[in-house]
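In what follows, a single structure is set out as structure tokens and then discussed.
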Amino acid sequence: MPDLPEIRYPVANPFLGEREREYVDNCVETHWVSSTGKYIRLFEESFQEKFGPGHCIAVSSGTMAIDLALQAIGVGPGDEVMVPNFTFAGSVSPIYRQHAIPVLIPCSKTSWNMDESLLEKHLTPKTKAIIAVHLYGIPCDIKKIMAFAQKHGLKVVEDCAEALGATVEGQFVGTFGDVGCFSFFGNKVMTTGEGGMCLCKSQELSELICLYRDHGMTAKERYWHRVIGYNGRMTNMQAAVGLGQTESIKSIIQRRNDISERYQKTFSKEPFFFEPSIPEGVSRVNWLESPVLLSGCHFNRNAICQDLRMKGIDSRPFFYPVNTMPAFSRFGLGDKHSDYYSSHGLNLPTYTKLLDEQVDEIAEEFMGIVKNHYQPKSQVTCPLELPGGLDRVQPDVSIIMPTLNEKGVAVEVIKTVREQMVSVSKNYEILVMDDGSHDGTREEIAQAYIHDPNVRVILRKENLGLALAIYDGIKLSRGEYIMVMDSDFNHDPHVSGRMVKFAESYDLVSGSRFTAGGGMQNKTKWFSSYIYNTLVRVMLNLQTQDNLSGYFCVRKKTLDSLDINAIFRNYGDYYFRFLYAMQKKNATLLEIPVVYRDKDYGVSKRTFMDTLLSYTKESIKLRFRGF
């Protein structure tokens, strides 16, 4: 094992200024260093002023804040508390300490927060409360959670440990629920070393939390314990640091968000990452930069972290799903979205004193490592599987769309095909086989359909040709039927639904320019294509009118019975080889008319005579020697 270099860039590094030092020195000079002193009150007041409204109680940690909140709202033995399955254990362990039962809610496929649509499913007569976690700085859908809680008479505790300063429609997180809980650990947005805060809606709850925080006694009755409580108090020295932090908090949050924007400029250059959905009106805070690697690309997240460490850059993996850990495994079965984020996410250095050039250096080093780990296992390169794709149903039809520099067109073709599949009531998947587009095609498609579980973007590292793109797509397809079509309107997507329906009655349905109703708007190209097709049809005695179309729908099991490795080789002649093989099998075939649009749907590097000679040679070889 090589020696590890010194860490140049830690994941987190607290920002501590002169004001924090001044206040702590005052604590030492006045000897007010324990859990009484003026800075406790000053810190609570300053925090309430900046992140309220509400009643603030400083406590010893973020986890203690949740413990106290649960006890104050009356959670007890046998009660059930809904909490995300994907969160830090500190969100869940307080439930157990109240002898209550954690009910683990799967996380959303579009973000790493709790899927609020599943709350109803997990509601029982024992449900007492919900812990709404704003994970990695992104607010959960707190308004829907609050509406659900109010409808069913439930209490809500907000875990804002990683989201201080985030807002929903201008309102700070932590002010929606009954109690907002914050953490001031050394790696958080602001710090007191260790420490936390409870932000309560009501005076009654704040008094209860103070009671439980102070060993179960009140300030008026010292050493008289009304209830069993905790020692959950913050020290005056910690509060002194916290007061100094609140005075700089606006610039701290702004710098963290600036760092995130700078990271994203580099990350957006390659489609290797999933960006969680942030609804309109929601403002996140960049606690730690949290890229999520796309699945299917054989990325080894842990190996990437190790390579970063060898360059002196610290990182850390995302949290484990709660149900996977021994302490909590009996409380839930888990969910695939939590598993996805946990295994594909990591945190990168994020702290106020990082300089712009240092952020750029980290981002470039990270991207270089990610690219090195992006290796295809074979000719079939890595599909950029979006997290939404984890919910993908078994498709009836797989639609293969080779692309090469089709920006501005392919997205519209996909939209039309999706509408067609819905109109004929077919489950579908669309495999966009990108042959190394350099005009932003794949990024445009990925962005447009990032949350569509039925669209897959297959990034091939180089242009290996149309026929091999189709071959790769066939190998990756899961549908009972396979359709192959262009992504630039050359093949009219409006007939794709009809093709799938006809394929239920025929072995092969093929688009044709040379049957009644078909054609090409460009008459010159129509004439040359007609000559090519006539030559191939006569030499191979084919029954089809259009033998070079490449627009077809066929059953997967029919393709599996063919030698597709021999068929899908070259750009120009794969289709008449395919038709010849189908005719040899006595397949039933239907041609339906299509009209090719007048556009540059592909410019051949060969002249008319070169193409004619090539088709002649291949037809003779196929007729007399076979595949």
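Quick one: in the stretch 272-305, which of the residues that are part of a loop (DSSP other than H, G, I, E, B) and touching a Ser or Thr at 6+ places or on another chain (Cβ under 8 Å) is surrounded by the most Cβ atoms within 10 Å (Cβ to Cβ)? The selected residue is TRP287.
Summed over the stretch 171-185, the residues that are in contact (Cβ under 8 Å) with a residue 60 or more places away in the chain and either open to solvent by 20 Å² or more (accessible area, probe 1.4 Å) or assigned to a strand (DSSP E or B) (or both) give a count of 8. When the stretch 194-222 is filtered for residues that are modelled with pLDDT of 95 or more and assigned to a strand (DSSP E or B), the ones remaining, listed by number, are GLY196, MET197, CYS198, LEU199, CYS200. How many of the residues making up the stretch 545-566 are at pLDDT below 85 and crowded, with 24+ Cβ neighbours inside 10 Å? Summing the residues that are at pLDDT below 85 and crowded, with 24+ Cβ neighbours inside 10 Å in the stretch 545-566 gives 2.
Restricting attention to the stretch 306-322, the residues that are part of a helix (DSSP H, G or I) and open to solvent by 20 Å² or more (accessible area, probe 1.4 Å) total 4.
Within the stretch 223-242, the set of residues being of a type in the set (D, E, K, R) and part of a loop (DSSP other than H, G, I, E, B) comprises ARG226 only.
Considering the stretch 210-248, the residues that are open to solvent by 10 Å² or more (accessible area, probe 1.4 Å) and within 36 Å of the chain's Cα centre (by Cα) include one that is farthest from ALA12 (Cα to Cα), namely GLU247. Taking the stretch 149-172 as the range and being in contact with a Ser or Thr (Cβ under 7 Å, 6 or more places away or on another chain) and under 22 Å from PHE43 (Cβ atoms) as the test, the residues that pass are ASP159, ALA161, ALA166, THR167. In the stretch 521-530, the count of residues that are polar (S, T, N, Q), open to solvent by 50 Å² or more (accessible area, probe 1.4 Å), outside any loop (DSSP other than H, G, I, E, B) and farther than 22 Å from GLY408 by Cβ is one or more. Within the stretch 140-170, if we keep just the residues that are in a loop (DSSP other than H, G, I, E, B) and among the acidic types (Asp, Glu), the residue that is least open to solvent (accessible area, probe 1.4 Å) turns out to be GLU162.
The values are calculated or read from the model by the stated rules, or taken from the named source; none is laboratory data. Predicted, not measured: the structure shown is a model, and the values here were computed from it. Positions of Cβ are generated from backbone atoms using ideal geometry, with glycine treated the same way; all protein chains shown enter the neighbour counts. With ligands, DNA and RNA removed, areas are computed over all heavy atoms of the protein, side chains included. Shrake-Rupley method; radii C 1.70, N 1.55, O 1.52, S 1.80 Å.
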